[in-house]
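Visitor: Right, I'll just put the structure down here and ask away after.
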Amino acid sequence: MSRGEPPVGFIGLGSMGAPMAANLLAAGFRLRVWNRTPGRAEPLVAQGAVLATDPAGAVEPGGIVVTMLADDRALEEVTLGAGGFLERLGADGVHISMSTVSPALARRLVERHRERGNLYVAAPVFGRPEMAAARKLVICVAGEEPAKARARPLLEVLGQDIFDFGQEAPAAHVVKLAGNFLIASAIEALGEAAALLRKSAVDPAAFMNLMSTTLFACPVYQNYGRIVTEGRYAPAGFRLALGLKDAELVGQAASGSVTPMPFADLVRQRFLAAVAKGRSDLDWAAVALGAAEDAGLPAGAPRKE
């Protein structure tokens, strides 16, 4: 993509979207941004972005728009709702959808985009806000080849790895949900192991050091093992309420494809219980507190950095 092209629209400036947009600005892309809370755009405006008054105002006909939003409702609203951008995006426009949303919504949006001559490319990401800021996101992409070709220069700025899952956009969203299911399952397992160790008077931190440097030497066990053993659930890198949303989406995808996922049901119940206990705004790793409580251990107040 030539930097001489129209400004890129960027919609959604939360804990992930803001650093992603900042990286695009730093790489020389011109941006028009929109966020439900305009104040979140102020640092980007100071760096040269233009603030739009509604989602449609963030896009140029035939241009590119990136969305990074919390859920299906938010994505559908900015795309198809009052002030939504779909009509203005017009022929040959490309929508890069980087949110964690349902494959069912992606299928609807692909059709709505196709009706108007523009393209939807799915590009959900793995990574927390610090990885977004460091341009180290792992990006899953799927969609028609022309859309992916136009999206790639932006995606190369935002992530360290891009994995292509073909021409059917919903496939990338299924991959994202399956990946989040694995991460949530690992957190549950870490919580249960930590509870066993604590009940047996064994230092969980020493155990996590062993596992995360040998049998489970990978970022999920290293990062979440540390969070669980230290009890550092605030501030949240990824809110527990959003973890419940993703667990619900996994269940919907499983039902829609007639795929039994009994462990996914267990994980969803853990997240539901954690939300019921008032933990929505903690990091989603706080779902591990349920295992401690079941073992009769004090969960303790969350520690902050």
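The values are calculated or read from the model by the stated rules, or taken from the named source; none is laboratory data. If you're wondering where the values come from, they're calculated on a predicted model, not measured in any experiment. When we count neighbours, we look across all protein chains shown, and the Cβ atoms used for this are built from the backbone with ideal geometry, even at glycine. Protein only, heavy atoms only, side chains kept; ligands, DNA and RNA dropped before computing areas. Shrake-Rupley method; radii C 1.70, N 1.55, O 1.52, S 1.80 Å.
Visitor: For region 180-282, with all protein chains present and a 1.4 Å probe, just round the carbon and sulfur fraction of the accessible area to a whole percent.
Guide: After summing per-atom areas, the C and S share lands at 63 percent.
Visitor: Same structure again: Rounded, prolate or oblate: which fits region 87-132 when a ≥ b ≥ c are the square roots of the eigenvalues of the alpha-carbon gyration tensor, with rounded for a/c under 1.5 and prolate only if a/b beats b/c?
Guide: oblate
Visitor: Now for a separate question. Just the number please: accessible area per residue for region 12-81, 1.4 Å probe, all protein chains included, in Å².
Guide: Per-residue accessible area for region 12-81 comes out at 41 Å².
Visitor: What percent do you get for the relative contact order of region 1-132 when only Cα pairs under 8 Å and 6+ apart count?
Guide: For region 1-132, the relative contact order is 23 percent.
Visitor: Follow-up. How far apart, in nm, are two points set 7 Å out from the Cα along the Cα-to-Cβ line at LEU215 and at ALA149?
Guide: Rounded to a tenth, the inter-label distance reads 4.9 nm.
Visitor: Could you work out how far the C-alpha centroid of region 77-95 sits from that of region 225-257, in angstrom?
Guide: Spelled out, the Cα-based centre of one part sits 30 Å from the other.
Visitor: How far apart, in nm, are the 7 Å Cα→Cβ label points at GLU293 and ASP281?
Guide: In this crude spin-label approximation the distance works out to 1.8 nm.
Visitor: Pop the C-beta distance of GLU5 and THR37 into the FRET formula with R0 = 35 Å and round what comes out to the nearest 0.05.
Guide: Efficiency computed from Cβ-Cβ geometry: 0.80.
Visitor: Mean separation of Cα pairs under 8 Å and 6+ residues apart, divided by the residue count of region 201-305: what relative contact order is that in percent?
Guide: 35
Visitor: If the chain between ASP92 and LEU182 were fully stretched, how many nm would it gain, using 0.36 nm times the residue separation less the Cα-Cα distance?
Guide: Contour length minus the Cα-Cα distance gives 28.8 nm.
Visitor: On a full-extension model of 0.36 nm per residue, what is the gain between VAL45 and LEU266, subtracting their alpha-carbon distance, rounded to one decimal in nm?
Guide: My answer for the length gained is 75.2 nm.
Visitor: Please list 3J(HN,Hα) in residue order for region 125-131, calculated via the Karplus relation 6.51 cos²θ - 1.76 cosθ + 1.60 where θ = phi - 60°; whole Hz, with x for glycine and proline.
Guide: 3J(HN,Hα) across region 125-131, in whole Hz: 10, 10, x, 8, x, 5, 6.
Visitor: Separate question: If ARG73, ARG279 are ordered by their accessible area, calculated over protein heavy atoms with a 1.4 Å probe, which sequence runs from highest to lowest?
Guide: Output order, biggest surface exposure first: ARG73, ARG279.
Visitor: For the pair VAL258 and ALA273, how long in nm is the line joining their label points, each one 7 Å along Cα→Cβ?
Guide: 3.2
Visitor: Within region 212-256, find all residues whose amide N lies under 18 Å from a label point positioned 7 Å from the Cα of LEU196 along Cα-to-beta-carbon.
Guide: Hits in region 212-256 for LEU196 at 18 Å: 212-217, 221-222, 225-226, 228-229.
Visitor: Over region 116-211, with the other protein chains present, what is the accessible area per residue in square angstrom, probe 1.4 angstrom?
Guide: 42
Visitor: Taking only DSSP H segments of four or more residues, each worth -39500 (n - 2.57), what value at 222 nm results for the chain once the sum is divided by all its residues, to the nearest 500 deg cm²/dmol?
Guide: My calculation for the chain gives -15000 deg cm²/dmol from helical runs alone.
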